[in-house]
Amino acid sequence: MEPTAQCMPPCNHFSAPKWDKSKPRELTQYFKELEYLFRDCSITDYTQMKEYTARYIIYDTAETWTGLPKFAATTTPIGNQAATAISYENWKEAVICLYPGAEESMRYTVNELHQLVQDNFDLSAYTLGTFST
């Protein structure tokens, strides 16, 4: 018997992916969770992927994401080729750009490093010898 594809969870279901827009650094994790589900559910259509991505977030955020030109856009056909949907990846990049701090390259800032050093500057340094007596 061949395994059947899993279905995407309904909106607000306990197993549905969640993202809180007050935590932009967690946005890439939200996308990763969705992409695991897309794979498990055999979803490869770009339009479906974008629609599911916008399905699990609050209405105002979904409205912003689906309003991006890359959500419904298609590439212009060349010659006899049919028009194709703008890729999910391109749209996802546009969504991530809406949230400063969500990009992987901006994960931690220099200011955060300075704050970490400042917070820990006055802590006593311990060595292995300190704990052996």
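Summary table
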quantity	calculated
Members of the stretch 52-90 that are at pLDDT 85 or above, farther than 22 Å from P9 by Cα and exposed (fewer than 13 other Cβ atoms within 10 Å of the Cβ)	G67, P69
Scan of the stretch 36-60 for residues that are among the β-branched types (V, I, T) and assigned to a helix (DSSP H, G or I), ordered by number	T47, T53
Residues of the stretch 34-43 satisfying the condition of being on the phi < 0 side of the Ramachandran plot, of a type outside the set (K, R) and surrounded by fewer than 14 Cβ atoms within 10 Å (Cβ to Cβ)	Y36, D40
From the options Y30, Y46, residue that is surrounded by 15 or more Cβ atoms within 10 Å (Cβ to Cβ) and touching a strand residue (DSSP E or B) at 6+ places or on another chain (Cβ under 8 Å)	Y46
Residue in the stretch 100-108 that is assigned to a helix (DSSP H, G or I) and either modelled with pLDDT of 80 or more or of a type in the set (D, E) (or both) present	yes
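A quick yes/no check of all residues on (1) farther than 21 Å from N90 by Cβ; (2) part of a loop (DSSP other than H, G, I, E, B); (3) modelled with pLDDT of 95 or more; (4) touching a strand residue (DSSP E or B) at 6+ places or on another chain (Cβ under 6 Å):
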position: P3; (1), (2), (3), (4): yes, yes, no, no
position: P10; (1), (2), (3), (4): yes, yes, no, no
position: E26; (1), (2), (3), (4): yes, no, no, no
position: L34; (1), (2), (3), (4): no, no, yes, no
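The values are calculated or read from the model by the stated rules, or taken from the named source; none is laboratory data. If you're wondering where the values come from, they're calculated on a predicted model, not measured in any experiment. Quick reminder, even Gly has a Cβ in these numbers, built from the backbone with ideal geometry, and neighbours come from all protein chains shown.
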